[in-house]
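The values are calculated or read from the model by the stated rules, or taken from the named source; none is laboratory data. Only a predicted model underlies this, so the values are computations on that prediction, with no experimental measurement involved. All Cβ positions, even for glycine, are placed from backbone atoms using ideal geometry, and neighbour counts span all protein chains on display. Surface areas here come from the heavy atoms of the whole protein model, side chains and all, with no ligands, DNA or RNA. Shrake-Rupley method; radii C 1.70, N 1.55, O 1.52, S 1.80 Å.
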Amino acid sequence: MTDTSVVSVDRELSVARGFRSVPFANLVRFASGLILRLLVFASIVAICVVLPRLMPGNTLEIMLSTDLARGLTPAEVRDLQENMGLGGDLFGQVLDYTANLLNGDLGYSIPHAAPVGQLLIAAFPWTGLLILGAAPIFLIGGALAGIEAGRMPGQGVDRWSTPLITVMASLPPFVGAVLLLLVFGVLWPILPTSGAQPLFPATETLSHAFDIARHAVLPSLALALHELARFFFLARAETIHLAQRDFVVNARARGVSVWRIRWVYIGRSLVPAYLARLSDTMTGLISAVFFVEIVFSYPGTGYLIYSAILERDYDLLQGTIVFVAGFVLLVNWCVDGLATRLAERG
Amino acid sequence: MLAPYVHRKNGVSYLYTTYVFDTLVSQDADGNPAPGLARSWQRAPDGLSYAIQLQSDAKWHDGKAVTAEDVAFTMRYMSEYPYVFGSVKSIERVEVEGPYDLRVYVKRAETGLVEGVFSAIPILPEHVYSRIEDPFRFASLEAAIGSGPYRLAAYDKAQGRYLLEAVTDHPLGRARFEQIRIVKMNPDAALQAMSAGEVDIISYLPVDRVLAAEAEGFKVEVAPSHHVMRLGFNHRGRFALRELRQAIAYVIDRKALLDTAFPGTAELAQTGYFQPGSRWWNEDDNPTYAHDPAKAHKFLINAGWAQTAAGRWQREGDDVSLRLITDGRSVKSARVITEQLEIFGFSIDLRVMELGALRNLVAEGAYDLTLFSSSTLGDPSNIGRRVFGRGWNSDRFPADPEMTGLIRAQTVASSHAERVEALDQFQRLYAENLPSYMLVNPLMATTFNEKLSAPFMPGGVAVGIPSALHKSIFLE
């Protein structure tokens, strides 16, 4: 999967070089990238509107599954369904939903008793915080370790870091999350392991921010650990390759300092490859954050999707997926554009 | 959100909503009816109406007085917009006789109305709800204007947190705490927070954490949940015959199930529906179906089944394969039961599925046995639904004239003694007929510090929620 995306980027680069002198071609490529992503987005919307409705049970049935609820008469159930917007057949429901979506209305979550948009506005910043917290760890950490390992393959840092990171890469994100929970929540309880804020949030802004940051440490770390491996291997492979390129060999012959070669010659050349990988990473991150949020009861979009599935909360499930998919495709489009542009410069 | 139409549809959310919204009738420490919004009530001799006097000093959280008009409005409103935890369909009409006096007319004389509808229905403020045409989407703080001893001050949807503030001058007593914060946490985090002095009570402490809580010096109350795990039968399939259900009951070693799947966290269930601790439980010698494969063998042979030399059960020459279905919560028990049935010679097709799929399979009748948990609490007027109802967590027992007659008799009984007598007979018949085989009664625990005391409410809170957290523990 990862290899394929690298190949496709390379092909795009060669195509890009052929048209380098024609700005119009660039515009066409950006536009076609956008159209392609809009098509993907439309299919995602179609799939996630229809699929949940094909699952057995609906929101109301699951809500009424508690045995404390009194037995409602069929007429009462019908009324409730109508009141809750669950009336009509599958086709009608899909049509209604799509029409609302085109008007910018993401729907209404019955179990949460709130519009989906409002729930997303509350949840998404938490997910964003985890991703932003994780990004520097896997980007910078991955680059530092990868360059060190790639400079002398098979020796020094590479000898212990590559096996260690290989093991880390083989752990699914939720296993990493559970391990962190075990170490820092149970064996050595120094960091909070659930939620995004303390039980009684501080009123003072600075302490409040500090508390929020503390709660984000473990989930961000869990998220970063998995991605770290991807960027480590990328940096390592690129470094091995770059170390043999003429400009680096020349620099070394000219007596340029080792640090300068590391950061200016190799580090800077990593950026396009890093960006290309980043666009692919977004999807991985979003799916990893899903598990991490469940393990740490973190109130982000992943947790929202999880509760929506359990409660057959169609509108919330669709709204969240549509929103996340739109966001990922948008970021992906921007990063791809940026990576292509950077790669054009050579 | 703690408002009647928008709270989550589970017992706990209903319970928390009762802190904000009062019902006409409340409960005393023994679980018996006690004044709520109604100061007193009298049943007419013919049982067809109730005269109710309201507390004259009860107020809505916005300061307006609670009047008889509000009660009448609530009954009308709830017949238009059905409320999931209580039904007003037994009510004919309400006549307002004064600002705080009213008479409720019922369609037929029933005994359980006080413990049933009067205790279950939250009374709504007419001046707020009369203009709401879609209560299922009415979720602003205004929707939570009730008359309860605590008012909803804030809530955080994303994290499931509620902040309740005490109201002054509640007719049922003074609030013991200025604020109550309700927070959803995992049990270990909650215990940690309790040790740090941040949490005062943990409502549902997993029973396997009881020792940990006691070691910290916290008080712990443990009680049977009455949320009994049962083995259900497909009465329209292979298990229409009572003797076959009894055979299965004799095959299952409930003691082994208890020791394997519920070590120290449940007790053996009684087979006659009600469980010890319920005011309706009868100690009479109902069959206990102690593990007895020989007896089961005899029942099956009598029913025309045969066993091969290899020990496999056959019917009309074909191996008997039974499909046992359950959801993810009962996997461990399902495995133990599967093993016990397989050792006895049945081939078992165990399917563990999620709730939506399970409900469908039950509705289609595509199963032989099902493992599910269901409450036996609440006013017995709900028995009919739990035994004969078509829900996935009902016994789905076909109409049985004798049992149906007894259920009806206890519903319309004119005295408590008459009701007890009918329910005694019902229990005997339940244990014999086995609409479901009651397996184990899981225990539940609540732990709290020295600030308060929280014993489990006998018979459950309100509609039958097994909990210690009746709102009265937060009042002086």
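Among the residues of this structure, A:I147 counts as one that is in a helix (DSSP H, G or I), in contact (Cβ under 8 Å) with a residue 12 or more places away in the chain and either under 30 Å from A:I266 (Cβ atoms) or open to solvent by less than 50 Å² (accessible area, probe 1.4 Å) (or both).
Name the one entry in A:P136, A:P153 that is surrounded by fewer than 19 Cβ atoms within 10 Å (Cβ to Cβ) and at pLDDT below 90. Lay out the reasoning, then the answer.
Values: A:P136 fails: at pLDDT below 90.
Matching residue, one of A:P136, A:P153: A:P153.
Which residues, counting only those in the range A:157-193, are among the small types (G, A, S) and modelled with pLDDT under 80? Explain how you work it out, then say what you get.
Residues of the range A:157-193 among the small types (G, A, S): A:161, A:169-170, A:176-177, A:185.
Once the filter is applied, which keeps residues that are among the small types (G, A, S) and modelled with pLDDT under 80, the range A:157-193 yields only A:G185.
In the set A:S307, A:S297, A:S279, A:S269, only one residue is surrounded by 14 or more Cβ atoms within 10 Å (Cβ to Cβ), touching a Gly at 6+ places or on another chain (Cβ under 7 Å) and small (G, A, S); that residue is A:S297.
Comparison of B:S453, B:S373 shows that the only residue that is within 14 Å of chain A (Cβ to nearest Cβ) and either in contact with a helix residue (DSSP H, G or I) (Cβ under 9 Å, 6 or more places away or on another chain) or of a type outside the set (G, A, S) (or both) is B:S373.
Which condition number in (1) within 14 Å of chain B (Cβ to nearest Cβ); (2) of a type in the set (A, V, I, L, M); (3) open to solvent by 60 Å² or more (accessible area, probe 1.4 Å) is the one that A:L206 fails? Exception for A:L206: condition (1). B:N282 - would you say it is out of contact with any strand residue (DSSP E or B) (no Cβ under 8 Å at 6 or more places or on another chain), more than 16 Å from B:I252 (Cβ to Cβ) and open to solvent by less than 60 Å² (accessible area, probe 1.4 Å)? In short, yes. Scanning the range B:225-257 for residues that are open to solvent by less than 30 Å² (accessible area, probe 1.4 Å), of a type in the set (D, E, K, R) and part of a helix (DSSP H, G or I) returns B:R245, B:R254.
Is it the case that B:A190 is crowded, with 19+ Cβ neighbours inside 10 Å, more than 13 Å from chain A (Cβ to nearest Cβ) and not in a strand (DSSP E or B)?
Numbers: crowded, with 19+ Cβ neighbours inside 10 Å: yes; more than 13 Å from chain A (Cβ to nearest Cβ): no; not in a strand (DSSP E or B): yes.
No: the conditions fail for B:A190.
Do we have A:G104 as in contact with a Gly (Cβ under 8 Å, 6 or more places away or on another chain), more than 10 Å from every other protein chain (Cβ to nearest Cβ) and surrounded by fewer than 17 Cβ atoms within 10 Å (Cβ to Cβ) here? Criteria not met by A:G104. Go through the range A:95-125 and count every residue that is of a type in the set (V, I, T) and farther than 19 Å from A:A46 by Cα. Number satisfying all stated conditions: 2.
Restricting B:A409, B:A413 to residues that are of a type outside the set (V, I, T) and crowded, with 18+ Cβ neighbours inside 10 Å narrows the list to B:A413.
Out of all the residues in the range B:113-126, is one or more modelled with pLDDT of 95 or more and farther than 22 Å from A:L72 by Cα? Yes, some residue in the range B:113-126 is modelled with pLDDT of 95 or more and farther than 22 Å from A:L72 by Cα. For the range B:291-346, name all the residues that are exposed (fewer than 14 other Cβ atoms within 10 Å of the Cβ) and at positive phi. If the condition is that a residue be exposed (fewer than 14 other Cβ atoms within 10 Å of the Cβ) and at positive phi, then B:G304, B:G311, B:E316, B:G317 are the ones that fit. Report whether or not A:E148 is of a type outside the set (A, V, I, L, M, F, W, C) and within 14 Å of another protein chain (Cβ to nearest Cβ). No, not satisfied.
So, in the range B:1-46, of the ones that are part of a helix (DSSP H, G or I) and more than 14 Å from chain A (Cβ to nearest Cβ), which residue ends up surrounded by the fewest Cβ atoms within 10 Å (Cβ to Cβ)? Walk me through it before giving the result.
Let us first name the residues in the range B:1-46 that are part of a helix (DSSP H, G or I), namely B:11-20.
Those left that are additionally more than 14 Å from chain A (Cβ to nearest Cβ): B:19-20.
Values: B:Y19: 23, B:V20: 25.
The qualifying residue surrounded by the fewest Cβ atoms within 10 Å (Cβ to Cβ) is B:Y19.
Of the strands (runs of 3 or more DSSP E) contained entirely in the range B:72-165, those carrying at least 1 residues that are surrounded by fewer than 18 Cβ atoms within 10 Å (Cβ to Cβ) and without any contact (Cβ under 8 Å) to a residue 24 or more places away in the chain fall at B:91-98, B:150-156.
Going by the structure shown, is B:L341 more than 23 Å from B:F397 (Cβ to Cβ), more than 14 Å from chain A (Cβ to nearest Cβ) and not hydroxyl-bearing (S, T, Y)? Taking the combined requirement at face value, the residue does not satisfy it.
If you go through the range B:389-405, how many residues are within 14 Å of chain A (Cβ to nearest Cβ), surrounded by 15 or more Cβ atoms within 10 Å (Cβ to Cβ) and out of contact with any strand residue (DSSP E or B) (no Cβ under 8 Å at 6 or more places or on another chain)? Residues meeting the conditions: 2.
Assessment of the range B:321-337 against the conditions (away from chain A (no Cβ under 14 Å), more than 30 Å from the chain's Cα centre (by Cα) and assigned to a helix (DSSP H, G or I)) yields no matching residue. In summary, B:G173 fulfils each of the numbered conditions (1) in contact (Cβ under 8 Å) with a residue 24 or more places away in the chain; (2) out of contact with any helix residue (DSSP H, G or I) (no Cβ under 7 Å at 6 or more places or on another chain); (3) within 14 Å of another protein chain (Cβ to nearest Cβ) with the single exception of condition (3).
Does any residue of the range B:436-453 turn out to be farther than 30 Å from B:Q246 by Cα and within 18 Å of the chain's Cα centre (by Cα)? Don't jump to the end; show me each part of the working.
Going residue by residue through the range B:436-453, those that are farther than 30 Å from B:Q246 by Cα are B:445-453.
Filter again for within 18 Å of the chain's Cα centre (by Cα), leaving B:445-446.
For the range B:436-453, residues farther than 30 Å from B:Q246 by Cα and within 18 Å of the chain's Cα centre (by Cα): present.
Only a single criterion out of (1) more than 7 Å from chain B (Cβ to nearest Cβ); (2) open to solvent by 20 Å² or more (accessible area, probe 1.4 Å) is not satisfied by A:L72, namely (1). The single condition among (1) touching a Phe, Trp or Tyr at 6+ places or on another chain (Cβ under 8 Å); (2) open to solvent by less than 40 Å² (accessible area, probe 1.4 Å) that A:G176 does not satisfy is (1). Within the range B:423-440, the set of residues being under 12 Å from B:Y289 (Cβ atoms) and open to solvent by 10 Å² or more (accessible area, probe 1.4 Å) comprises just one member, B:E432.
Picking from A:G337, A:G302, which residue would you name as being away from every other protein chain (no Cβ under 14 Å), of a type outside the set (A, V, I, L, M, F, W, C), surrounded by 17 or more Cβ atoms within 10 Å (Cβ to Cβ) and in contact (Cβ under 8 Å) with a residue 60 or more places away in the chain?
On the way: A:G302 fails: away from every other protein chain (no Cβ under 14 Å).
Every option except A:G337 fails the conditions.
Which of the following residues is more than 13 Å from chain A (Cβ to nearest Cβ), of a type in the set (A, V, I, L, M, F, W, C) and over 19 Å from B:Q53 (Cβ atoms): B:I123, B:I145, B:I132, B:I91?
None of the others qualify; the one that does is B:I145.
When you scan the range B:314-334, do you find a residue that is touching a residue at least 24 places away in the same chain (Cβ under 8 Å), farther than 26 Å from B:L355 by Cβ and among the small types (G, A, S), even just one?
Applying the first criterion (touching a residue at least 24 places away in the same chain (Cβ under 8 Å)) to the range B:314-334 yields B:319-330, B:332-334.
Those still in the list that are farther than 26 Å from B:L355 by Cβ too: B:319-320.
Going one step further and asking which of them are among the small types (G, A, S), we end up with none.
No; the residues of the range B:314-334 include none that is touching a residue at least 24 places away in the same chain (Cβ under 8 Å), farther than 26 Å from B:L355 by Cβ and among the small types (G, A, S).
The combined condition, being more than 24 Å from B:S225 (Cα to Cα) and part of a loop (DSSP other than H, G, I, E, B), is fulfilled by B:S414.
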